[in-house]
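Scroll down for the structure; my scribbles are underneath it.
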DNA sequence: TATGAATCGGAATTCCGGTTCCGAATATAC
DNA sequence: GTATATTCGGAACCGGAATTCCGATTCATA
């Protein structure tokens, strides 16, 4: 489902891109509240063409979410480059949330129930999780993050923040407050 | 929509109760993922009867959510009785989350987007919010809760926790951690 | 217990959006 | 330039679930 790269006719490859672009845009803006027909129209194609490239709506969404995960992974890699362990951790957390904010579909995927379609994404999720784990570990080892902080807590915090990204509530304030709580105070 | 109490034929009143019971049960367990027909069956009635009592599905759900808000309000009132301001605050927060945990529909209502149907519930929400505000204020005035803590922060924390009530994550841990962060340390 | 109004039941209808299908159009190979 | 395999388009199809409708039933009153 993910990458039938070569041996695609030129027009087909081009159209596939259009579909992905249109879908990314719409899913990001409206979550799952988007019709296949609308995606097709925006891509300048017919619905039939969507189904030639993706088995069904879930598969299409999964592909889009998978992309975002890849983006998150490179973001995490960038954070890992930072010399200061705390800076790396904070940059990861904030960068991740910042990127998630404008993508409703991604947030719903994280917050919502596990879906069968996510199977195709396990790899991307795992890759991301691995880096998170390293960054957390490093901050803990450096004595900058509470010793009992676990990678799961990263998930707790991020999901909590994402839940506050609709409406008027200020999720940054919430996260900042928590950062203060988990950072080991200067000795 | 809410309370056409008197002047209902005996069987009608009885059936209305059955509908509410069945709907509460099912919405709580499965969120919006419940068919009107299923509710009718479980109530031992035909779908037509549901519609005699509630204009449509949203109205029914709104009524159910409204009830839960009333329950939350009395829970809040109980917390307010507590002499110790911090105990009152903590009891409110934990009690609220504890009650919300088993009610998927309520959680989705809190986490999800504003719906038009919520209009019928404004009163209940407001009543609850008023008590929260008082309890928070009292704890702040007593110097037990950070001076910059606002009622909105209560919302941030609870929504964050609710977002972590699915899956395996441990929302209590998350909340506990935050409580430590916002409580004013012993002098 | 007879009468009429209120209520019920559930099959039929409606709506909505995903998915299929196949003739038309287009790209690539020869 | 023609042949052939791919790909495209979008009307038609389908399934699921909410909602309607009205004859059958039940309650309340005299």
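The values are calculated or read from the model by the stated rules, or taken from the named source; none is laboratory data. Note that the structure is a prediction, hence the values are computed from the model and not measured. Quick reminder, even Gly has a Cβ in these numbers, built from the backbone with ideal geometry, and neighbours come from all protein chains shown.
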Notebook entry, point to check: Here are A:62, A:12: which of them is assigned to a helix (DSSP H, G or I) and away from DNA strand D (no atom under 12 Å from the Cβ)?
Noted result: A:62
Next item on the list: Give the residues of the stretch A:163-172 that are assigned to a helix (DSSP H, G or I) and more than 7 Å from every other protein chain (Cβ to nearest Cβ), sorted by residue number.
Entry: A:171, A:172
Checklist line | Residue selected from the stretch A:138-162 under the condition without any contact (Cβ under 8 Å) to a residue 60 or more places away in the chain and within 21 Å of the chain's Cα centre (by Cα), by the criterion farthest from the other protein chains (Cβ to nearest Cβ) | finding: A:151
Note to self: Can you say whether residue B:77 is more than 10 Å from DNA strand D (Cβ to nearest atom), closer than 23 Å to residue B:103 by Cα, surrounded by fewer than 18 Cβ atoms within 10 Å (Cβ to Cβ) and within 14 Å of chain A (Cβ to nearest Cβ), as far as the supplied structure shows?
What the structure shows: no
Note to self: Could you tell me how many of the residues in the stretch B:31-59 are more than 8 Å from DNA strand C (Cβ to nearest atom) and either within 30 Å of residue B:134 (Cβ to Cβ) or not in a helix (DSSP H, G or I) (or both)?
What the structure shows: 8
Item checked: Unique match (being surrounded by fewer than 18 Cβ atoms within 10 Å (Cβ to Cβ), facing another protein chain (nearest Cβ under 9 Å) and in contact with a helix residue (DSSP H, G or I) (Cβ under 6 Å, 6 or more places away or on another chain)) among B:95, B:112, B:181 -> B:181
Notebook entry, point to check: Taking residue A:84 and the conditions (1) within 27 Å of residue A:67 (Cβ to Cβ); (2) out of contact with any helix residue (DSSP H, G or I) (no Cβ under 6 Å at 6 or more places or on another chain); (3) at pLDDT 95 or above; (4) more than 10 Å from chain B (Cβ to nearest Cβ), which numbered condition does it fall short on, given that it satisfies the others?
Noted result: (1)
Checklist line | Matching residues in the stretch A:150-169 - criterion: being surrounded by 15 or more Cβ atoms within 10 Å (Cβ to Cβ) and modelled with pLDDT under 95 | finding: A:166, A:169
